[in-house]
Every structure is written in C-alpha cells, then in structure tokens.
1. If I go through region 53-73 residue by residue, how many of them are more than 30 Å from residue 87 (Cβ to Cβ) and in contact with a Phe, Trp or Tyr (Cβ under 9 Å, 6 or more places away or on another chain)?
2. Let me confirm something: among 65, 88, which residue is among the polar types (S, T, N, Q) and under 20 Å from residue 12 (Cα atoms)?
3. Looking only at region 81-90, which residues are touching a helix residue (DSSP H, G or I) at 6+ places or on another chain (Cβ under 6 Å), open to solvent by less than 30 Å² (accessible area, probe 1.4 Å) and more than 30 Å from residue 37 (Cβ to Cβ)?
4. Taking only region 21-39 into account, find how many residues are open to solvent by less than 30 Å² (accessible area, probe 1.4 Å) and either in contact with a Phe, Trp or Tyr (Cβ under 8 Å, 6 or more places away or on another chain) or free of Cβ contacts under 8 Å to residues at least 12 places away in the same chain (or both).
5. Return the pair list, or none, for Cβ contacts closer than 7 Å from residues in region 43-72 that are touching a residue at least 40 places away in the same chain (Cβ under 8 Å) and over 16 Å from residue 31 (Cβ atoms) to residues that are surrounded by 17 or more Cβ atoms within 10 Å (Cβ to Cβ) and among the polar types (S, T, N, Q), at least 6 apart or on different chains.
6. Regarding residue 145, is this residue modelled with pLDDT under 95, open to solvent by 90 Å² or more (accessible area, probe 1.4 Å) and not in a helix (DSSP H, G or I)?
7. Can you tell which of 126, 107, 114, 93 is open to solvent by 40 Å² or more (accessible area, probe 1.4 Å) and in contact (Cβ under 8 Å) with a residue 60 or more places away in the chain?
Amino acid sequence: MSSTNAPARLTRAQALARLLDGVADDTKAYAALLLLQEEQFEAALRHQGARLCQLGGQIGALVDTLEARRRLRVKLAGALLGPAATMTGIAALLDEGARLRLEADWLALERMVLECKRRNTRNSTLFTDQYSIMRRLLHGEEHIYAPV
C-alpha cells in the first residue's frame, strides 16, 4: 500500500491506529535525531570531516523518513476530520487510554522538535563560525588595509 493513497483505503479505525503508531514512531525517530545532532556537534568540534559526512547522510535519511510520516499524518488526519484537522480533534475521536497516549506522545514530540531545531541552529552556527575562521586564515581579513 503506497502512502499517497493510504487514507482512502483504510477504515476509520485503521487510519486512527496508523496515525497513533506514526506519532509513536516519530517520538523514537526524533530521539535518534537528537543523538545524531549531538554526535554531529562533537564531530564538528573535533574537525572530523569523514564522520560529519556520515552523520549528514544519516540525518538526511532520518529527516526524509520523518517528513514522509508527517505528510501521511496530515493525510490521515484530513481523511478523518477534513482539511482543518488538528491533533486535538484527532484525540477527541479516541477512547481515554488512546487519547492519553496520543496527548503524551504529541507533547513529547513537540518538545523534541523544538530541541532538534535548537540543536540544528547551534550546529549551523558552529559550522558557519568554523568556515568563517578558515576563510580568514586562508584568504586573510577582508578590508584589513582598506583606506579610511
């Protein structure tokens, strides 16, 4: 079954189950992404180019997986509640146990997404600073002898 037409082929219960499973899978994947970002930062500090390339590939593949699951989640939610669907609306469709699980997973997911964004900014800043330093070392300061 392809993810592009999965919502049309699923029953309501199957769509809800798949959505819940996807959120749970994403919480695990974001935990892995956080670890990879930390490894990336450490590798950048140590100027480990080969390791950075390897980590970049792993991070890219994981982000692609997360994005595919996000798109599927949007489709599933839309199939269940229409184009203005929210996770609060999805949670309202569930029994108490499943609703509590979804709410906890969604809250954890939101926190991890914010932390991943923070680490991404931190890592980007480090890469940019390192590039700037190397550029100055190799090519000298810009405008160092500029007339006043």
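The values are calculated or read from the model by the stated rules, or taken from the named source; none is laboratory data. Values in this document were obtained by computation on a predicted structure and should not be read as measured data. Glycine gets a Cβ as well: all are built from the backbone with ideal geometry, and neighbour counts include every protein chain shown. To get the accessible areas, we keep the full protein, side chains included, count just its heavy atoms, and leave off ligands, DNA and RNA. Shrake-Rupley method; radii C 1.70, N 1.55, O 1.52, S 1.80 Å.
1. Looking only at region 53-73, we keep the residues that are more than 30 Å from residue 87 (Cβ to Cβ), and these are 53-57.
Right, trim to in contact with a Phe, Trp or Tyr (Cβ under 9 Å, 6 or more places away or on another chain) and you get none.
Number satisfying all stated conditions: 0.
2. Numbers: 65 fails: under 20 Å from residue 12 (Cα atoms).
Result: 88 is the single residue among 65, 88 that is among the polar types (S, T, N, Q) and under 20 Å from residue 12 (Cα atoms).
3. Correct list: 89 only.
4. Quick first cut of region 21-39, residues open to solvent by less than 30 Å² (accessible area, probe 1.4 Å) only: 22-24, 26-27, 29, 33-34, 36-37.
Within this subset, residues satisfying the condition of being either in contact with a Phe, Trp or Tyr (Cβ under 8 Å, 6 or more places away or on another chain) or free of Cβ contacts under 8 Å to residues at least 12 places away in the same chain (or both) are 23.
Residues that pass the stated criteria total 1.
5. Every condition considered, the pairs that remain are 44/123.
6. Details: modelled with pLDDT under 95: yes; open to solvent by 90 Å² or more (accessible area, probe 1.4 Å): yes; not in a helix (DSSP H, G or I): yes.
Answer is yes for this residue.
7. Working: 126 fails: open to solvent by 40 Å² or more (accessible area, probe 1.4 Å); 107 fails: in contact (Cβ under 8 Å) with a residue 60 or more places away in the chain; 114 fails: in contact (Cβ under 8 Å) with a residue 60 or more places away in the chain.
Within the list 126, 107, 114, 93, the selection yields 93.
One line per residue, one yes/no per condition, for (1) touching a Leu at 6+ places or on another chain (Cβ under 7 Å); (2) surrounded by 15 or more Cβ atoms within 10 Å (Cβ to Cβ); (3) at negative phi; (4) in a helix (DSSP H, G or I):
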{"site": "55", "(1), (2), (3), (4)": "yes, yes, yes, yes"}
{"site": "62", "(1), (2), (3), (4)": "yes, yes, yes, yes"}
{"site": "66", "(1), (2), (3), (4)": "no, yes, yes, yes"}
{"site": "69", "(1), (2), (3), (4)": "no, yes, yes, yes"}
{"site": "73", "(1), (2), (3), (4)": "yes, yes, yes, yes"}
{"site": "76", "(1), (2), (3), (4)": "yes, yes, yes, yes"}
{"site": "79", "(1), (2), (3), (4)": "no, yes, yes, yes"}
{"site": "97", "(1), (2), (3), (4)": "no, no, yes, yes"}
{"site": "100", "(1), (2), (3), (4)": "no, no, yes, yes"}
